[in-house]
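Laboratory data are not the source of any read-out in this text; all were calculated from the coordinates shown. Since this is a predicted model, take the numbers as computed values, not measurements. Cβ atoms come from the backbone with ideal geometry, glycine included; neighbour counts cover every protein chain shown.
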Amino acid sequence: MNRLARYGTGTGLALIHIGALAAFLPALFSLSDVILLAIAAYCTGVLGVTLCYHRVLTHRSVRLRKPLEYLFALFGTLALQGDPIRWVAVHRKHHAHADHDGDPHSIELGFKWAHVDWLYRQNVAYPTADEIARYAPDLYAEPFYRALAFLALPLQAVLAAALFLAGGWAWVVWGVFVRLVVSYHSTWLVNSAAHMLGYRTYRTTDRSTNCWWVALLSFGEGWHNNHHAFPFSARHGLRWFEVDMTWWHVRALALLGLADRIRIPTAVMRRRLAYANVRSFANPADGNVY
Ligand SMILES: [Zn+2]
Ligand SMILES: [Zn+2]
């Protein structure tokens with residue numbers, strides 16, 4: 001990222017956080033605002049980023065019907081974490097170099113770096129334009145995703161205008177600024193806390209951890225050691241107590257005929273990578289591709 005882009009990102013993030021502080025004004029608070037926040041954060045952060053950007057587009061752990069994939073990718077673009085091509089390329093590079101040289105947000109450089117600083121400070125590991133095309137050729141091949149790369153800010157402006165017309169400034173503050181702050185930190189905690197805090201079930205070459213409270217905040221993404229062990233898996237919570245709400249979505253969409261090609265690790269794969277002192281909670285019924 002060049003200096004102008006980094007400054008733009010840093011300034012934008014600061015302004016979004018400052019804008020969210022307006023939620024503390026009593027005049028801009030009501031129950032309907034909180035309901036709007038929940039619905040908007042669910043659509044953009046959970047369906048958009050967690051399900052579509054991460055499990056569908058980055059890792060191809062499940063396939064959605066194409067119109068639904070595009071709809072959820074549009075939601076993800078509204079989370080303002082980068083367009084799908086950029087997000088997928090950055091995340092694939094993270095997996096390729098996790099916590100080593102070349103990782104765009106390595107925890108080796110500290111919690112704050114992995115959480116947010118990597119986005120706006122000089123970052124030699126941030127993928128170049130060539131690398132972005134190389135890490136995400138499948139998305140780059142689709143005109144829809146190339147178009148979204150130019151539409152992130154205009155789409156956010158259209159959403160803000162629609163919210164203003166429907167609910168005034170309160171809906172803009174809660175539906176845009178508070179929502180962005182909530183979903184930013186939910187995603188960022190996966191990169192920071194879930195590479196530092198919690199337990200490790202599987203032997204991976206990075207410092208990824210399973211962190212229950214990050215998993216609750218991020219609808220299952222906090223089972224991040226499981227995820228680094230089996231990046232292809234649509235299911236991140238692998239033991240019975242590892243609640244993974246995004247996985248429930250995958251199952252529900254499959255039941256509705258809207259998702260298929262679901263991949264999860266077999267019991268043998270899990271046993272092979274587990275630390276010796278971890279009891280296997282594998283259910284034989286879980287061990288197959290759906
Ligand atoms: Zn990671
Ligand atoms: Zn991943």
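Output wanted: per-residue J couplings in Hz (rounded whole) for region 14-30, from phi through Karplus 6.51 cos²θ - 1.76 cosθ + 1.60, θ = phi - 60°, x for Gly and Pro.
Rounded to whole hertz, the list is 5, 5, 5, 5, 5, x, 5, 4, 4, 4, 6, 6, x, 5, 10, 9, 7.
Any chance you could tell me what percent of the C-alpha pair distances in the chain go past 33 Å?
Tail of P(r) above 33 Å: 21 percent of Cα pairs.
Can you give the local net charge around Asn225? Use residues other than it whose beta-carbon is closer than 10 angstrom to its beta-carbon, Lys and Arg +1, Asp and Glu -1.
Taking every other residue near Asn225 into account, the sum is +2.
Once phi is turned into ³J(HN,Hα) by the Karplus curve 6.51 cos²θ - 1.76 cosθ + 1.60 with θ = phi - 60°, what whole-Hz value does each residue of region 228-244 show in order, with x for glycine and proline?
Result, rounded to whole Hz: 5, 6, 9, x, 7, 7, 6, 10, 9, x, 9, 9, 4, 8, 8, 5, 10.
Restricted to Cα positions, what overall size does region 105-231 have along the principal axes? Three whole-Å values, descending.
Extents along the principal axes, in whole Å: 51, 35, 28.
Select from Leu36, Phe219, Gln81 the residue farthest towards the positive end of the dipole of the chain; place +1 on Cβ of Lys and Arg, -1 on Cβ of Asp and Glu, and compute about the Cα centre.
Projecting each Cα onto the dipole axis, the largest value belongs to Phe219.
Helix-derived [θ] at 222 nm for the chain: sum -39500 (n - 2.57) over DSSP H runs of at least 4, divide by residue count, nearest 500?
-14500 deg cm²/dmol
Quick check on the exposure proxy: order Phe241, Phe232 from fewest to most C-beta atoms within 10 angstrom.
By the 10 Å Cβ count, ascending, the order reads Phe241, Phe232.
Working from Cα positions, state the angle (0 to 90°, nearest 10) between the long axis of helix 143-172 and the longest principal axis of the chain.
60 degrees
Mind checking which of Ser183, Ser30, Ser218 has the largest fluctuation in a GNM of the chain, springs on alpha carbons under 10 Å?
Ser30
May I have the extent of the alpha carbons of region 18-124 along their three principal axes, as whole Å values ordered from largest to smallest?
So the three principal-axis extents are 48, 38, 16 Å.
Net charge near Gly10: determine it from the other residues with C-beta under 12 Å of the C-beta of Gly10, scoring Lys and Arg +1 and Asp and Glu -1.
Summing Lys/Arg as +1 and Asp/Glu as -1 gives +2.
Pairing the Cα long axis of helix 179-191 with the longest principal axis of the chain, what angle in degrees results, from 0 to 90 and rounded to the nearest 10?
Value to nearest ten degrees: 30.
Taking Cα pairs under 8 Å and at least six residues apart, what relative contact order does the chain come out at, in percent?
20 percent
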